[in-house]
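Notes to accompany the following structure.
The values are calculated or read from the model by the stated rules, or taken from the named source; none is laboratory data. Small disclaimer: the values here were computed from a predicted structure and weren't measured. Here the Cβ is made from the backbone with ideal geometry for all residues, glycine too, and neighbour counts use every protein chain on show. Accessible surface is based on the protein model in full, side chains and every heavy atom, while ligands, DNA and RNA are left aside. Shrake-Rupley method; radii C 1.70, N 1.55, O 1.52, S 1.80 Å.
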Amino acid sequence: MNSTGVLEVICGPMFAGKTGLLIDMVEQAAARGNVCQVFKHVLDNRFDGSNVVTHAGRSYTAQSIDSPLALCSSLRPDVHDIFIDEIQFFDYTMHTLCFDLVKSGKHVFVAGLDLDYRADTFGCMPLFLSSADVVHKIAGVCEVCGGKARFTQRITNGKSACLYEKTIIVGLSDRYQTRCWNCFEVSKTCCER
Ligand code: TMP
Ligand code: MG
Ligand code: ZN
(Lines give C-alpha, C1' and ligand atoms only; values in the text may rest on other atoms or scores of the structure.)
(Ligands and ions follow the chains in the order given, each with its own letter.)
Protein backbone atom coordinates (compact mmCIF):
# COMPACT_ATOMS: atom_id res chain seq x y z
CA MET A 1 0.00 0.00 0.00
CA ASN A 2 1.26 3.53 -0.81
CA SER A 3 1.89 5.88 2.12
CA THR A 4 -1.05 8.24 2.43
CA GLY A 5 -0.90 12.00 2.45
CA VAL A 6 -2.10 14.28 5.22
CA LEU A 7 -3.66 17.74 5.30
CA GLU A 8 -3.15 19.81 8.47
CA VAL A 9 -4.51 23.33 8.97
CA ILE A 10 -3.47 26.00 11.46
CA CYS A 11 -6.01 28.81 11.84
CA GLY A 12 -6.91 31.62 14.19
CA PRO A 13 -6.79 35.41 14.44
CA MET A 14 -3.73 37.60 13.93
CA PHE A 15 -1.08 37.68 16.70
CA ALA A 16 -2.08 34.22 18.00
CA GLY A 17 1.05 32.27 16.94
CA LYS A 18 -0.01 30.60 13.66
CA THR A 19 3.30 31.18 11.87
CA GLY A 20 5.28 30.13 14.97
CA LEU A 21 3.42 26.81 15.09
CA LEU A 22 4.00 26.33 11.34
CA ILE A 23 7.75 26.89 11.86
CA ASP A 24 7.71 24.37 14.77
CA MET A 25 6.17 21.82 12.40
CA VAL A 26 8.76 22.51 9.68
CA GLU A 27 11.60 22.09 12.18
CA GLN A 28 10.15 18.82 13.49
CA ALA A 29 9.67 17.44 9.95
CA ALA A 30 13.18 18.50 8.92
CA ALA A 31 14.61 16.88 12.08
CA ARG A 32 12.93 13.60 11.03
CA GLY A 33 14.85 13.87 7.75
CA ASN A 34 11.84 14.75 5.57
CA VAL A 35 12.45 16.91 2.50
CA CYS A 36 10.47 20.09 3.26
CA GLN A 37 9.52 23.15 1.22
CA VAL A 38 8.01 26.29 2.72
CA PHE A 39 5.92 28.82 0.80
CA LYS A 40 4.01 31.97 1.57
CA HIS A 41 1.78 34.32 -0.39
CA VAL A 42 3.74 37.08 -2.09
CA LEU A 43 1.34 39.69 -0.65
CA ASP A 44 2.85 39.13 2.80
CA ASN A 45 5.79 41.52 2.52
CA ARG A 46 5.46 42.85 6.07
CA PHE A 47 8.72 41.65 7.60
CA ASP A 48 10.60 40.07 4.74
CA GLY A 49 10.08 39.59 0.99
CA SER A 50 10.48 35.82 1.07
CA ASN A 51 10.97 34.24 4.53
CA VAL A 52 8.07 33.37 6.82
CA VAL A 53 8.45 35.54 9.91
CA THR A 54 6.50 35.54 13.18
CA HIS A 55 5.39 38.69 15.00
CA ALA A 56 8.09 37.81 17.56
CA GLY A 57 10.77 37.90 14.84
CA ARG A 58 11.41 34.17 14.40
CA SER A 59 11.91 33.27 10.74
CA TYR A 60 12.33 30.37 8.34
CA THR A 61 13.48 30.35 4.72
CA ALA A 62 10.54 30.26 2.30
CA GLN A 63 9.59 30.96 -1.29
CA SER A 64 7.02 33.64 -2.12
CA ILE A 65 4.36 32.56 -4.59
CA ASP A 66 1.27 34.16 -6.08
CA SER A 67 -0.54 31.11 -7.50
CA PRO A 68 -0.81 27.31 -7.42
CA LEU A 69 1.09 27.27 -10.73
CA ALA A 70 4.03 29.05 -9.07
CA LEU A 71 3.99 26.48 -6.26
CA CYS A 72 3.85 23.57 -8.71
CA SER A 73 6.76 24.83 -10.77
CA SER A 74 8.91 25.25 -7.62
CA LEU A 75 8.21 21.81 -6.14
CA ARG A 76 11.11 19.41 -5.84
CA PRO A 77 10.26 15.90 -7.08
CA ASP A 78 11.48 14.43 -3.78
CA VAL A 79 9.52 16.82 -1.52
CA HIS A 80 7.69 15.06 1.33
CA ASP A 81 6.26 17.94 3.41
CA ILE A 82 4.84 21.17 1.92
CA PHE A 83 4.12 24.18 4.18
CA ILE A 84 2.12 27.23 3.03
CA ASP A 85 1.63 30.36 5.14
CA GLU A 86 -1.00 33.10 4.58
CA ILE A 87 -3.22 30.56 2.79
CA GLN A 88 -6.25 32.90 3.08
CA PHE A 89 -4.83 35.09 0.30
CA PHE A 90 -5.18 32.27 -2.28
CA ASP A 91 -8.39 31.29 -4.08
CA TYR A 92 -10.03 27.86 -4.35
CA THR A 93 -7.54 26.68 -7.00
CA MET A 94 -4.87 26.40 -4.28
CA HIS A 95 -7.13 23.98 -2.44
CA THR A 96 -7.59 21.97 -5.66
CA LEU A 97 -3.81 21.68 -6.03
CA CYS A 98 -3.26 20.75 -2.37
CA PHE A 99 -6.01 18.13 -2.60
CA ASP A 100 -4.10 16.49 -5.48
CA LEU A 101 -0.80 16.76 -3.61
CA VAL A 102 -2.26 14.99 -0.57
CA LYS A 103 -3.80 12.32 -2.83
CA SER A 104 -0.34 11.74 -4.29
CA GLY A 105 1.01 11.08 -0.77
CA LYS A 106 2.43 14.49 0.20
CA HIS A 107 1.99 15.98 3.66
CA VAL A 108 0.53 19.48 3.30
CA PHE A 109 0.42 21.99 6.17
CA VAL A 110 -1.30 25.34 5.68
CA ALA A 111 -1.65 28.30 8.05
CA GLY A 112 -3.80 31.40 7.86
CA LEU A 113 -6.76 33.42 9.04
CA ASP A 114 -10.07 31.57 9.24
CA LEU A 115 -11.96 34.87 9.48
CA ASP A 116 -11.51 38.31 7.95
CA TYR A 117 -12.02 41.62 9.78
CA ARG A 118 -15.81 41.23 9.35
CA ALA A 119 -15.66 37.75 10.95
CA ASP A 120 -16.60 36.38 7.53
CA THR A 121 -14.77 33.35 6.08
CA PHE A 122 -11.50 34.24 4.32
CA GLY A 123 -10.51 33.12 0.77
CA CYS A 124 -9.94 29.39 0.33
CA MET A 125 -9.67 28.71 4.09
CA PRO A 126 -13.18 27.15 4.45
CA LEU A 127 -12.26 24.50 1.85
CA PHE A 128 -9.08 23.65 3.73
CA LEU A 129 -10.88 23.50 7.07
CA SER A 130 -13.56 21.21 5.64
CA SER A 131 -11.15 18.71 4.11
CA ALA A 132 -8.40 18.81 6.78
CA ASP A 133 -7.34 15.68 8.64
CA VAL A 134 -6.24 17.83 11.57
CA VAL A 135 -7.15 21.42 12.50
CA HIS A 136 -5.13 23.43 15.03
CA LYS A 137 -7.40 26.30 16.00
CA ILE A 138 -5.41 28.82 17.98
CA ALA A 139 -6.90 31.60 20.10
CA GLY A 140 -5.19 34.88 20.87
CA VAL A 141 -5.50 37.26 23.81
CA CYS A 142 -8.06 40.06 23.53
CA GLU A 143 -6.24 43.38 23.42
CA VAL A 144 -9.14 45.12 25.17
CA CYS A 145 -10.07 42.80 28.08
CA GLY A 146 -7.39 40.10 28.09
CA GLY A 147 -9.95 37.35 27.37
CA LYS A 148 -9.63 34.50 24.88
CA ALA A 149 -9.73 36.03 21.39
CA ARG A 150 -10.92 34.41 18.16
CA PHE A 151 -11.38 37.53 16.01
CA THR A 152 -9.24 40.13 14.28
CA GLN A 153 -10.42 43.70 14.64
CA ARG A 154 -9.45 46.17 11.88
CA ILE A 155 -8.97 49.77 12.95
CA THR A 156 -9.58 52.42 10.27
CA ASN A 157 -8.93 56.07 11.07
CA GLY A 158 -8.86 55.21 14.77
CA LYS A 159 -12.29 53.49 14.70
CA SER A 160 -13.74 50.03 14.09
CA ALA A 161 -13.61 49.31 10.35
CA CYS A 162 -16.90 49.25 8.47
CA LEU A 163 -18.35 46.27 6.59
CA TYR A 164 -17.73 47.77 3.16
CA GLU A 165 -13.97 48.08 3.12
CA LYS A 166 -11.85 45.86 0.86
CA THR A 167 -11.10 42.47 2.34
CA ILE A 168 -7.35 42.44 1.82
CA ILE A 169 -5.27 45.11 3.51
CA VAL A 170 -1.84 43.85 4.51
CA GLY A 171 -0.92 45.24 7.90
CA LEU A 172 0.29 44.89 11.45
CA SER A 173 -0.71 46.20 14.86
CA ASP A 174 -1.22 49.68 13.40
CA ARG A 175 -4.33 48.31 11.61
CA TYR A 176 -5.29 45.14 13.47
CA GLN A 177 -5.98 43.88 17.00
CA THR A 178 -6.95 40.51 18.43
CA ARG A 179 -10.39 40.65 20.10
CA CYS A 180 -12.81 38.37 21.97
CA TRP A 181 -16.54 37.83 21.26
CA ASN A 182 -17.48 40.76 23.52
CA CYS A 183 -14.94 43.31 22.34
CA PHE A 184 -14.97 42.56 18.58
CA GLU A 185 -17.07 44.99 16.54
CA VAL A 186 -17.70 45.88 12.90
CA SER A 187 -19.36 49.13 12.00
CA LYS A 188 -22.42 48.78 9.74
CA THR A 189 -22.31 52.39 8.68
CA CYS A 190 -19.98 53.27 5.85
CA CYS A 191 -16.90 55.14 7.11
CA GLU A 192 -16.30 58.49 5.47
CA ARG A 193 -12.84 58.81 4.02
P1 TMP B 1 -0.98 37.13 10.19
O2 TMP B 1 -2.18 36.35 10.54
O3 TMP B 1 0.16 36.30 9.71
O4 TMP B 1 -0.56 38.08 11.26
O5 TMP B 1 -1.31 38.03 8.91
C6 TMP B 1 -2.56 38.24 8.38
C7 TMP B 1 -2.51 39.22 7.22
O8 TMP B 1 -3.82 39.36 6.67
C9 TMP B 1 -2.04 40.64 7.58
O10 TMP B 1 -1.19 41.15 6.56
C11 TMP B 1 -3.31 41.47 7.58
C12 TMP B 1 -4.16 40.75 6.55
N13 TMP B 1 -5.61 40.86 6.74
C14 TMP B 1 -6.39 41.24 5.66
O15 TMP B 1 -5.88 41.47 4.57
N16 TMP B 1 -7.75 41.33 5.82
C17 TMP B 1 -8.37 41.06 7.00
O18 TMP B 1 -9.61 41.15 7.07
C19 TMP B 1 -7.56 40.67 8.14
C20 TMP B 1 -8.20 40.34 9.44
C21 TMP B 1 -6.17 40.58 7.96
MG1 MG C 1 1.60 34.94 10.31
ZN1 ZN D 1 -12.31 41.27 25.05
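Here are a few things to note about the model shown:
- Only a single item in (1) in a loop (DSSP other than H, G, I, E, B); (2) open to solvent by 20 Å² or more (accessible area, probe 1.4 Å); (3) among the small types (Gly, Ala, Ser) is not met by SER130, and it is number (1).
- Of all the listed residues (ILE10, ILE23), the sole one being aliphatic (A, V, I, L, M), open to solvent by less than 70 Å² (accessible area, probe 1.4 Å) and either in a loop (DSSP other than H, G, I, E, B) or without any contact (Cβ under 8 Å) to a residue 60 or more places away in the chain (or both) is ILE23.
- The lone criterion from (1) more than 14 Å from ligand 1 (Cβ to nearest atom); (2) open to solvent by 20 Å² or more (accessible area, probe 1.4 Å); (3) modelled with pLDDT of 95 or more left unmet by ALA119 is number (1).
- Test: ALA149 is open to solvent by less than 20 Å² (accessible area, probe 1.4 Å), within 16 Å of ligand 2 (Cβ to nearest atom) and among the aliphatic types (A, V, I, L, M): yes
- Count - residues of segment 1-46 that are over 12 Å from the mean Cα position of the chain (by Cα), within 15 Å of ligand 1 (Cβ to nearest atom) and among the β-branched types (Val, Ile, Thr): 3
- Identity of the residue in segment 133-144, within 16 Å of ligand 3 (Cβ to nearest atom), open to solvent by less than 50 Å² (accessible area, probe 1.4 Å) and out of contact with any Pro (no Cβ under 7 Å at 6 or more places or on another chain), that ends up farthest from CYS11 (Cα to Cα): CYS142
- Conditions (1) open to solvent by less than 30 Å² (accessible area, probe 1.4 Å); (2) in contact with a strand residue (DSSP E or B) (Cβ under 9 Å, 6 or more places away or on another chain); (3) closer than 22 Å to ASP100 by Cβ: number failed by VAL53: (3)
- Tally of residues being outside any helix (DSSP H, G or I) and more than 16 Å from ligand 2 (Cβ to nearest atom) across segment 85-123: 10
- Test: residue in segment 167-178 that is open to solvent by less than 20 Å² (accessible area, probe 1.4 Å), more than 23 Å from GLN63 (Cα to Cα), outside the structural domain of MET25 (by TED's automatic domain parsing) and not in a helix (DSSP H, G or I): yes
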